[in-house]
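J.: The following block contains the structure, expressed as structure tokens.
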Amino acid sequence: MRSPRSVVLITVDCFRADHAGFLGYPHPTTPFLDSLAEGSVVFSNAIAAGAPTYFSFPAVMASRYPLGLGRDVVGLAPGEPTIASTLHEAGHATAAFLAANPYLSPHFGYDAGFNLFKDFLDTGTDPLSGESDGDNNAKAPSRWNQRLAKASHALGPLGSLYDELYFQYCQRLGSSFALSFDQLRRFPAADMVVDHARDWLTGIAGQPFFLWLHMMDPHSPYYPRQEALELMGVGSLDATRARYLNSYWNRGDLGAQRLQRHRAEVVALYDAGIRWVDGQVARLVETLRELGLWENSVMALTGDHGEEFLDHGGRYHPPSRVAEELVRVPLLLHAPGLTQAGIVTAPFSLLHLAPTLLDLAEVPIPGSFQGRSCSELLRTGKNWESDAVVECVAGCTNPFVQENRLQARVLAVRETRYKMVFDFNSATEQLFDLNADSAELQALPLAAEKAVRRRLLDRARQHLSDALRSRDADCRLAARLRDLRLEWSSPTVRKSA
């Protein structure tokens, strides 16, 4: 009798698809994953169900659309079936090692189903604090400086001059303190996460398992391991320069044109984060092979969402946008019996990932999962045909604040060729032909492709109707009660991840 299969899920924060070598990126960000892709299934149009993290992971872990329990519910509901709870009930040992993303914490229900859950958030610090106001290497402006800034901005061009002088002053003040990449980094690096995972794996010999790792190395502020920069051929970028670049990139007083001058160096820091993850995944796979676990394991690696580098004039990953650089992520799937290795080009929502992994592990899929498994199609080599729906709340940059969750929705329907974006706040729609305009720089005229518009509009209406009809009232109530208890006990304000 064949032993039960184990499942390894690796999620990488901010990993956009077009920065993976196995999806055509020309820089050496993923040499190990490129080699692994040769014997795996690669989904070239994997689409996150939402962005950022808190709108992405309900689909990844519970195969549920992010707003499925209502816009005011963030995360997983108490008692909601997930891939972790399902495998735990099937007899798998379960562990999660997550690199200090506060939105993947017990606060939002992500510890459910795990024998061991380590989120590295027990240090007493908030790794996302300061993300919006920057690494500007100085304290908040004094009252005198605030008055001077106000007076300068009242005089037109002098305001910009003041902003520049004050920023440079902050940089000179900050540069007087010599700090290393390790001191500047806000999150545990991928090697620390993998070290814990390897230790855990050596202690569960003989048991089927579910292992979830979440890496934050490509997340801003971009402070990769120095070794990763050297592997990428940009070892001359030192910690002092990286600090300046992160501070400059985070400035709110500059437009895209001025930010563009440092874009290449910022992207180099981001790419080095991906390269470090790649090397640590190699270490993990080596451990699985040494322990005799690899041949009976299903492994998936994906991103929770992407990252913008002025593609549409913006930075980071705000929930107000659903452009390709933010929602198209890499997805690599390796499993026993998948002899039809290759590339799936049709859109594949991460909503379908958990049921596919359970199916490949030969574990029954919960009835509450909204996605469907593609494992049989992968085994037989048949074509996957589907669209992908993306949704988020445009103004929800801080889900710890309840009022932020109730702002207007942004929704997109993504087919292979066409993508339609609906902005509920402005009551506008945009249709893009991705074959002719893969960068989504110019929406089609309103009079163009009326049949396509009608089809995608009907699909959006169907999605909203299905979401309301299938809403689990018990899960919604449990999630709201949890939020109320947490709000009463420890009100917290954090930044967007």
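The values are calculated or read from the model by the stated rules, or taken from the named source; none is laboratory data. Predicted model, so just to flag it, every value in this text is computed and none were measured. In this analysis, Cβ positions are derived from the backbone assuming ideal geometry, glycine residues included, and neighbour counts consider all displayed protein chains. All accessible areas refer to the heavy atoms of the entire protein, side chains included, with ligands and DNA or RNA removed. Shrake-Rupley method; radii C 1.70, N 1.55, O 1.52, S 1.80 Å.
J.: Does the range 347-386 hold any residues that are under 29 Å from residue 419 (Cα atoms) and aliphatic (A, V, I, L, M), and which are they?
T.: If the condition is that a residue be under 29 Å from residue 419 (Cα atoms) and aliphatic (A, V, I, L, M), then 350, 351, 353, 354, 357, 377, 378 are the ones that fit.
J.: Would you be able to tell me the number of residues in the range 17-48 that are open to solvent by less than 10 Å² (accessible area, probe 1.4 Å) and of a type outside the set (A, V, I, L, M, F, W, C)?
T.: Kept after step one, since they are open to solvent by less than 10 Å² (accessible area, probe 1.4 Å), are these residues of the range 17-48: 17, 20, 29-30, 33, 40-43, 46-48.
Cutting the leftovers down to of a type outside the set (A, V, I, L, M, F, W, C) gives us 29-30, 40.
Total meeting the criteria: 3.
J.: Only one of these is modelled with pLDDT under 95 and hydrophobic (A, V, I, L, M, F, W, C): 497, 436, 460, 443. Name it.
T.: On the way: 436 fails: modelled with pLDDT under 95; 460 fails: modelled with pLDDT under 95; 443 fails: modelled with pLDDT under 95.
Exactly one of 497, 436, 460, 443 is modelled with pLDDT under 95 and hydrophobic (A, V, I, L, M, F, W, C), namely 497.
J.: Ok, one more. Anything in the range 354-391 that is acidic (Asp, Glu) and at pLDDT below 90? List them, or say none. Even if it seems obvious, please write down each step before you answer.
T.: Within the range 354-391, the subset acidic (Asp, Glu) is 359, 362, 376, 385, 387, 391.
Of everything in the range 354-391, those that are acidic (Asp, Glu) and at pLDDT below 90 turn out to be 376, 385.
J.: From the list 366, 355, which one is surrounded by fewer than 24 Cβ atoms within 10 Å (Cβ to Cβ), touching a Gly at 6+ places or on another chain (Cβ under 7 Å) and not aliphatic (A, V, I, L, M)? Reasoning before the result, please.
T.: Details: 366 fails: touching a Gly at 6+ places or on another chain (Cβ under 7 Å).
Going through 366, 355 in turn, the sole match is 355.
J.: Anything in the range 371-394 that is assigned to a loop (DSSP other than H, G, I, E, B) and either under 20 Å from residue 480 (Cβ atoms) or charged (D, E, K, R) (or both)? List them, or say none.
T.: Kept after step one, since they are assigned to a loop (DSSP other than H, G, I, E, B), are these residues of the range 371-394: 371-374, 381-387, 394.
Passing the criteria: 372, 382, 385, 387.
J.: Condition first: open to solvent by 20 Å² or more (accessible area, probe 1.4 Å) and under 21 Å from the mean Cα position of the chain (by Cα). Now tell me which residues in the range 397-406 satisfy that.
T.: Here is the first cut: in the range 397-406, the residues open to solvent by 20 Å² or more (accessible area, probe 1.4 Å) are 397, 400-404, 406.
Within the range 397-406, 397, 400, 401, 404 qualify.
J.: Hey, among 284, 326, 259, which residue is touching a residue at least 24 places away in the same chain (Cβ under 8 Å), part of a helix (DSSP H, G or I), within 18 Å of residue 440 (Cβ to Cβ) and not polar (S, T, N, Q)? Walk me through how you get there before you give the answer.
T.: Details: 284 fails: within 18 Å of residue 440 (Cβ to Cβ); 259 fails: within 18 Å of residue 440 (Cβ to Cβ).
One residue alone meets the criteria, 326.
J.: Enumerate the helices (runs of 4 or more DSSP H) found wholly within the range 1-111, keeping only those where 1 or more residues are within 16 Å of residue 215 (Cβ to Cβ) and touching a residue at least 24 places away in the same chain (Cβ under 8 Å). I'd like the intermediate steps shown before the answer.
T.: Working: elements: 31-37, 53-62, 83-89.
Once the helices (runs of 4 or more DSSP H) in the range 1-111 are filtered for at least 1 residues that are within 16 Å of residue 215 (Cβ to Cβ) and touching a residue at least 24 places away in the same chain (Cβ under 8 Å), what remains is 31-37, 53-62.
J.: So, in the range 287-323, of the ones that are assigned to a helix (DSSP H, G or I) and not aliphatic (A, V, I, L, M), which residue ends up nearest to residue 249 (Cα to Cα)? Walk me through it before giving the result.
T.: Residues of the range 287-323 that are assigned to a helix (DSSP H, G or I), as a first pass: 287-290, 294-296.
From what's left, not aliphatic (A, V, I, L, M): 287, 289-290, 294-296.
Numbers: 287: 38, 289: 41, 290: 43, 294: 41, 295: 44, 296: 44 Å.
Applying the filter and picking the extreme gives 287.
J.: Sort out which residues of the range 278-317 are farther than 25 Å from residue 231 by Cα, in contact with a helix residue (DSSP H, G or I) (Cβ under 6 Å, 6 or more places away or on another chain) and of a type in the set (D, E, K, R), and write them in order of number.
T.: 311
J.: Further question: If you go through the range 419-478 one residue at a time, how many are surrounded by 14 or more Cβ atoms within 10 Å (Cβ to Cβ) and part of a strand (DSSP E or B)?
T.: Count: 10.
J.: Okay, moving on. Output the residues belonging to the range 233-276 that are open to solvent by 30 Å² or more (accessible area, probe 1.4 Å) and of a type in the set (Gly, Ala, Ser). Even if it seems obvious, please write down each step before you answer.
T.: From the range 233-276, those open to solvent by 30 Å² or more (accessible area, probe 1.4 Å) are 233-236, 238, 240-241, 243-244, 252-253, 255-258, 260-261, 263-265, 275-276; that's our starting set.
Within the range 233-276, 233, 235, 236, 252, 255, 256, 264 qualify.
J.: How many residues are of a type in the set (Gly, Ala, Ser) and in contact (Cβ under 8 Å) with a residue 40 or more places away in the chain if we restrict to the range 234-249?
T.: Number satisfying all stated conditions: 3.
J.: Next question, about the same structure. With (1) of a type in the set (Ser, Thr, Tyr); (2) free of Cβ contacts under 8 Å to residues at least 12 places away in the same chain; (3) within 19 Å of residue 350 (Cβ to Cβ) as the list, and residue 428 as the residue in question, which single condition is left unmet?
T.: It is condition (3) that residue 428 fails.
One line per residue, one yes/no per condition, for (1) farther than 27 Å from residue 198 by Cα; (2) surrounded by fewer than 23 Cβ atoms within 10 Å (Cβ to Cβ); (3) in contact with a Lys or Arg (Cβ under 9 Å, 6 or more places away or on another chain); (4) small (Gly, Ala, Ser):
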{"residue": "278", "(1), (2), (3), (4)": "no, no, no, no"}
{"residue": "285", "(1), (2), (3), (4)": "no, yes, no, no"}
{"residue": "290", "(1), (2), (3), (4)": "no, yes, no, no"}
{"residue": "295", "(1), (2), (3), (4)": "no, yes, yes, no"}
{"residue": "326", "(1), (2), (3), (4)": "yes, no, yes, no"}
{"residue": "333", "(1), (2), (3), (4)": "no, no, no, no"}
{"residue": "349", "(1), (2), (3), (4)": "yes, no, yes, yes"}
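J.: Quick one: would you say residue 221 is open to solvent by 10 Å² or more (accessible area, probe 1.4 Å), within 20 Å of the chain's Cα centre (by Cα), modelled with pLDDT of 95 or more and closer than 30 Å to residue 111 by Cβ? Even if it seems obvious, please write down each step before you answer.
T.: Details: open to solvent by 10 Å² or more (accessible area, probe 1.4 Å): yes; within 20 Å of the chain's Cα centre (by Cα): yes; modelled with pLDDT of 95 or more: yes; closer than 30 Å to residue 111 by Cβ: yes.
So residue 221 passes the test.
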